[in-house]
Structure formats: structure tokens, C-alpha cells
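The values are calculated or read from the model by the stated rules, or taken from the named source; none is laboratory data. Everything numeric here is computed off the predicted structure, so don't read it as measured data. Cβ: placed from backbone, ideal geometry, glycine included. Neighbour counts: every protein chain shown. To get the accessible areas, we keep the full protein, side chains included, count just its heavy atoms, and leave off ligands, DNA and RNA. Shrake-Rupley method; radii C 1.70, N 1.55, O 1.52, S 1.80 Å.
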Amino acid sequence: MTEQVVRPLAVRSVGRSLERVDGHEKVTGAAAYAVEHGEADGVIDPLHVWLVQSTVARGRVARLRPEAALSHPGVVAVIDHSNAPRLRDTGNRELLILQDDAVGFRGQVVALVLAESAESAREGAALVDVSYEVEPHEAELREDNATYKPDSVNPDMDTDTEDGDVDAALAAAEVVVDHVYRTPYEHNNPLEPHATTAWWEDDAGREVLSMFDSTQGVHGVVESLAPLFGLEAEQVRVRAPYVGGGFGSKGEAHAHVVAAALAARTTKGRPVKLAVTRQQMFALTGYRTATISHLRLGATADGTLTAIEHAVQEQTSAIREYAEQTASPTRMMYAAPNRRTSHRLARLDVAVPSWMRAPGEMPGMFAHEVAMDELAVACGIDPLEVRERNEPDVDPETGRPFNNRRLLECLHRGAERFDWASRPPGPRATVDGDWWVGTGVASATYPAMKMPGNSARVRSLDDGRYAVAIGSVDIGTGARTVLTQIAADALDVEPGDIDLAIADTRLPPASVAGGSSGTSSWGTAIVAAAQRFRADHGPSPDPGVETTASAADDPAAEQYAFHSFGAVFAEARVNRWTGEVRVPRLLGVYSVGRVVNPMTARSQLLGGLVMGLSAGLFEESHRDPRFGHVVTQDLATYHVAAHADVLDLDAEWLEEADEVFTPMGSRGIGEIGIVGTAAAVANATFHATGVRVRSLPLTADRFLA
Ligand code: MOS
């Protein structure tokens, strides 16, 4: 593999609102999603798989009777732990399905039904008769759970941190804010539910497992599945040409992907299609754990922080650990000489929690930014001022300088646009008819990340055109479009001269579309390959020459702390008689590096703001601890903000180019929009009503006391 030291990109197309290069395919329905592929893609005469899920939270499958299902028209097979193909134990018990009779959570896959149609498979699944030996379970997150300290938190951060003497500083502090903040279980609800098409074929005497999977990273699916099935990576091919969103829930393979591959193993080559239903997603495809954050802030009377403590309790699954890094933003956000963070997990008999847009930052910054608002109120200063007063010179966690920390500029720009200067000192200062009216602010932050292991290939075609290939996925963000722009600039041609191929493990490896790292990671690889190509082949290469390269590490980058920042402003109206909360105005101002495509970027930031608003007002999954499952498992009982909930909404960004971080000057925008947004709304409801709500969502009952 050639490593190329990258130079900053001379931008021409980058920075412009190129329309989505795949927009036409999408709006005409020509784009095939994971279970829509047909004969043209090698999916011939498929069978359909339906999942049978446990109805108890913990125990054993005592008896499973497939007879009624097998006699149902169209049903071909019922697969359970007694007859499923064997898997190798890779230590991931979420994926190790149908290997024994143990049940670790309600909703776990206990059988698969294969049939000639999806309808038959579903009918068949309902006819599988399963009885269980039930064992006692624990499925409720409470402050008095037994907890343990995980070795690290997502993805590999320190579990605890400590600097200075927090207890002494809190004891000596003139002002103390000491409260518990809570965020609920939330479920990722991308437009396209999880889905997989899988088949096994013989490739010159070697078995190959082929899949179309709705995933945020095709290579990651291979890394999960190949060892489970005892295959070499080259024996698994995963494609994901179009993906209808993920929000993190498609960042790693979940059990249904293994189910599809297992089922296909039994069909003598016939493909299988497995489409997870919306309801099944609430049990099987990940979710955001609920969090309990105990925040203690110590400050002088003017609001200067002397101590910050953030102790987190949350939950994981007994079958697989996932530790949300909820206190991670607290480590770097504000200055204070004494600081402590910790994470403890309750191990429950529940489905495995996972990534959901800004894991860590979203729940953590809700707690921290509401606490900062409380500190401002306690000190009698403006919420903007309390943030200015605690702006650090360097990253408090690492001691490194921030590469580009423009939080205060975001706050000031937002304040100007939101007419913050005319805000009455609150709370409960403004009534408009039946509504209390208030405004609130919160900071946002998200780390800038580039993932290792990316490379790209550039090949010259006829007529000055170029084929550019990388195995990355466009989950609906616009990645296909922005990578086309980046490739065009890197080769100094027009976007229309680029044939971009993505989303196939036969292409050069690419990291997951996660951690807001996609454009940074894949774009840098494309720039590396293009610059290497030009160095090797010059400006007028013969058709058919090619270069594959990855970017060399930049040692200069080691010396900085790379983060993006933002400021979110919200207006809230709280009905004086019903407690209903409306948000007539929501604005985010961001510092995210250079924006590669303003149109698609704006859509990402607005989407993040809507998701934050939705978390603020509505989203909450109710788990019934008696039975262990989420009972609000549809979009009627789990409300996601709809058009009528979103009123005046806007996002803007500071003009900048972060060429230390990436040759494009960009830093990533997928997640920062959700961060701080729920806190801004909560702070606005306090300003409106004088009622301080420290747990999400901000439902009407909170304001009626
Ligand atoms: Mo995002 S939760 O990192 O896919």
C-alpha cells in the first residue's frame, strides 16, 4: 500500500452546493435498497426469513415445536438452536444466535422461519410454538442498581478521570450546583428499517457469502461475520449501494445480519431476504441507553468554575457490554482546575445498547449544559457570560491546544441573530395569551475524528474521465456527492468527469459512516490517492493506469485537540393550562471546518437539530421492567418530531478551513447538530416558566405542578 503525504486541496467544487449525484435514482425509485435487489444483481428466486423472538427476558427455550409452522403453505424450514448451522464464538454474544437454548433478553432471536414469501414467513413465525423455562431477570435502570466499572467507555476512552481535589474545591466553593439529570432510552428510527439479502455461492471451489446489507460500513460487516462463519475476509462480500439512514444503529452488524447468513447457509444457494420490521427494531438493532448523570459544579460568586464532577450511571446488557461515554464532553468543555468524571454500568437482562447519533455527547451535554444554565441563574449572570467565563485556554483533558475552538464566536453570532440582547431577565417574565414564553441557549461540541484503514483507487478512463473507488457507504448524508466533489478537485477536473464507486467490500477499504468521520476519513484517502496518481502519472495519463493509496499520518496533527463547536438557541412556549411545549424558533451556529457542500451540510445540521428537538420534547422508549421489553415499539407510541413539531428552524456556520485536520479543510457535521439542542430547549422552558426540568423528554406534566 502506497502512503501519500497529503497537501491541502485547491478547492473549486468543494464549497459549492452540488446537487446529489444520486438524487434522480432516489426520487424515481430506481435506487435499490438492501432487500430490493433482484435478478440483475444476482438475487434469483429468493426465500424470505422471519425472526421468531423470545417472549421472556431470561431463561431457556424448554421446547420449540415447528410442526404447525412447517405445515403452513409456503413455509420451507424452521431453524432453531437444535438445527442451526454452527458458528464460532468470537466473544460477541449479540451475534452468536441459535447456538444454544439460553435466552438473555426479551426479543432475542430464538428461531427463523424460511418461506417462499414474506407473508408466509411471517405467518409461519406466528405458528412456531415456543415454551420457556423462566429465570428471574432484572431490566430496570435505577439509582440503586448494583453497578460495575467497565474497563473503558465507547469506543476506548478512560472510564474515569480525575484532576486536582474536587471534594475540597466543592467544599470551598461560593456557589454549588449539585443535581441529577436523566435521559431516557431512545431508539434509532432511520427511514429504512434494517434489512439484509444474503446468499452463498461457489467461487472456483471456495465458498463465498454475498450480502446486500443496510449498513453504515460494509467492511465492518465482513469483520463481524467472517470469523463467526470461519471464513477468510475475502470469502464475504458486502454491498450497500443505498442506505436509508442509520444514526448509528447500522454502525455494526446486529443479530439479524447473522440470521440472514445462517438461513442462507441452509438453502443450497437460494438467496434469502430478511427485512426487520419497525417493531422488531425496538428489540434487536440497538438503542441509546438511559443515563443518570450526577453533576456537581463548584464556582466563585461570579460564575468561574473551580470544580466539575460528572458521575454517570447507565446500563448495559448482560450478554454484551456497551458503555456510553456520557461524561466525555465534560472532560474537555470548560475550564476548572479540579475535575472528576466516572461511568458505572448496571448489567441488565436487556437488549444490547449501542450507538445513537452523538453517543456520549448527546446525553452528557444535556446534563452539563442544563447545569451550566443553573450555575448562571445561581450567580445571577447571563447564560452566555457563564460560558465565556469558563472558556479554557487549552483542552482541559489533554493539555493540548485546541486546533480551532470558536465556541464564543458561535455563541455571539447566535445571540445576534436571536436578538438575545433584548431577552428579559427571567424566569417567568413573558406571557403571551395562554403561553409562557422564554429563550435558552446551550453549547454544542463534537470531536473531529479520522479513522485509520482507509484507502482509495484512482484510474484514468478515456476522455479525461477518472474512476475513483472506495468502499465507503452513503447512508443518505450525501457522501456520494461530496466524495465526487473532493475527487474532482483533487484531480483538477469537473465533478461530472468522476465515476465514483462506493459501498462494496471489493473496493479499497473504508471505515464506518460513524463518529461524523466519514467525509474526513474517506475524503482524505481520496485526496491521497489522487495526489499520488498525479505524482506517478502526471496531468495527462494514458487511459487505464491506476494508483491505490492511503494518507500518511501527519505527526503535526498529534499536537492538537480537534473538536467542532456550536451554539444552539431555542425559544420555548409553554402552555399555562396544559403544559404543552412548543418551540417556535431553533437556531444552531457551528464551527465545523470548511463545509464541503452547503446544501447537504445544511440538511445534516438541520436534521441534527430536529433530532435534538425531538429528544427534548418527545422521544422516550418505555421499557416495562416486569417483562423486560420496550412497549412503545412503533412510531405511534414512540413519537419522532414531525413537520408540525418543527417551526422556524435554521443552521449556519462560520467561514473557516481546517487544513491541519484534513486536506479538504473539513471536520465532520453528522452529529454535532443533536448535541446541546435538548438542553437549549430545556433551558428555554425554565426561562419561560421558572420550572427546572432535569430529565428528558420535557413532557407537559412537568410544567403543571
Ligand atoms: Mo454515529 S452514532 O457515530 O453512527
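The table that follows gives values for the structure above.
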read-out: Accessible carbon and sulfur surface of segment 388-528 relative to its total accessible area, %, 1.4 Å; value: 46
read-out: Relative contact order (%) - criterion: Cα under 8 Å, at least six apart; region: segment 366-501; value: 13
read-out: Cut-off 15 Å between beta-carbons: net charge of the residues surrounding HIS179, Lys and Arg +1, Asp and Glu -1; value: -1
read-out: MET599 accessible area, assembled protein chains, probe 1.4 Å, Å²; value: 90
read-out: Rounded accessible area of ARG7 (nearest 10 Å², 1.4 Å probe); value: 140
read-out: Formal net charge of residues neighbouring GLN280 (Cβ-Cβ distance under 13 Å; K, R +1; D, E -1); value: +2
read-out: Charge dipole magnitude, Cβ of K and R +1, D and E -1 - segment 412-533, Cα centre, debye nearest 20; value: 500
read-out: Selected from PRO508, ALA204, ALA102, residue furthest toward positive end of dipole (the chain; charges at beta carbon); value: ALA102
read-out: Segment 12-113: relative contact order as a whole-number percent, Cα under 8 Å and 6+ apart; value: 36
read-out: Cα-centred dipole magnitude for the chain, charges only on beta-carbon of K, R (+1) and D, E (-1), debye, nearest 20; value: 760
read-out: Per residue accessible area in Å² of the chain, where ligands, DNA and RNA are left out and the probe is 1.4 Å; value: 37
read-out: Accessible surface, 1.4 Å probe, highest first, among residues HIS219, HIS412; value: HIS412, HIS219
read-out: Among ALA335, THR484, ALA121 the positive-end extreme of the charge dipole of the chain (Cβ point charges); value: ALA121
read-out: Rel. contact order, % - alpha carbon contacts under 8 angstrom, at least six apart, the chain; value: 18
read-out: With DNA, RNA and ligands ignored, accessible area of LEU262 (1.4 Å probe; Å², nearest 10); value: 0
read-out: Span-like helix ranges in the chain, DSSP H, alpha carbon extent 20 angstrom or more, Kyte mean at least 0.5; value: 361-379, 598-617
read-out: Debye log10 I(q)/I(0) at q = 0.09, 0.18 Å⁻¹ for segment 122-278, Cα point scatterers; value: -0.52, -1.20
read-out: Listed residues ALA358, LEU407, TYR466: farthest to the positive end of the dipole of segment 352-482 (Cβ charges); value: TYR466
read-out: Long-range amide H partners of LEU461 with built H, under 5 Å; value: TYR466, ALA467, GLY544
read-out: Size-normalised alpha-carbon gyration radius of the chain, reference 2.2 N^0.38 Å; value: 0.97
read-out: Set of lysines with alpha-carbon distance to LYS26 below 25 Å, sequence-local pairs under 8 removed; value: LYS250, LYS273
read-out: Summed side-chain charge close to VAL394 - residues other than VAL394 whose Cβ falls under 14 Å, Lys, Arg +1, Asp, Glu -1; value: -1
read-out: Whole-Å semi-axes of segment 645-705's equivalent ellipsoid (Cα gyration tensor); value: 35, 12, 10
read-out: Per residue convex hull volume, Cα atoms of segment 181-245, in Å³; value: 111
read-out: Order by protection proxy (mean Cβ within 10 Å, highest first), peptides 108-119, 632-643, 306-317; value: 306-317, 108-119, 632-643
read-out: List HIS48, HIS194, ordered by accessible area with a 1.4 Å probe, largest first; value: HIS48, HIS194
read-out: Simple label model, 7 Å out from Cα along Cβ direction - HIS24 to ARG534, nm; value: 2.9
read-out: Rh (Kirkwood; distinct C-alpha pairs) - segment 22-84, Å; value: 15.6
read-out: DSSP beta bridges in the chain [antiparallel fraction, %, rounded to 5]; value: 75
read-out: Taking the C-alpha atoms of segment 613-658, convex hull volume expressed per residue in Å³; value: 134
read-out: Carbon and sulfur %, accessible surface of segment 561-705 computed with the full protein complex present, 1.4 Å; value: 55
read-out: Electrostatic dipole magnitude of segment 101-180 [Cβ: Lys, Arg +1; Asp, Glu -1; Cα centre; debye, to 20]; value: 520
read-out: Convex hull per residue volume in Å³, alpha carbons only, for segment 357-478; value: 231
read-out: Exposure rank, largest accessible area first [LYS26, LYS149; 1.4 Å]; value: LYS149, LYS26
read-out: Among 121-127, 551-557, 536-542, the order from most to least packed when residues are scored by Cβ within 10 Å on average; value: 121-127, 551-557, 536-542
read-out: In order through segment 20-25: 3J(HN,Hα) via Karplus (6.51 cos²θ - 1.76 cosθ + 1.60), integer Hz, x for Gly, Pro; value: 4, 5, 10, x, 5, 4
read-out: Most to least packed among 604-615, 462-473 [average Cβ atoms within 10 Å]; value: 604-615, 462-473
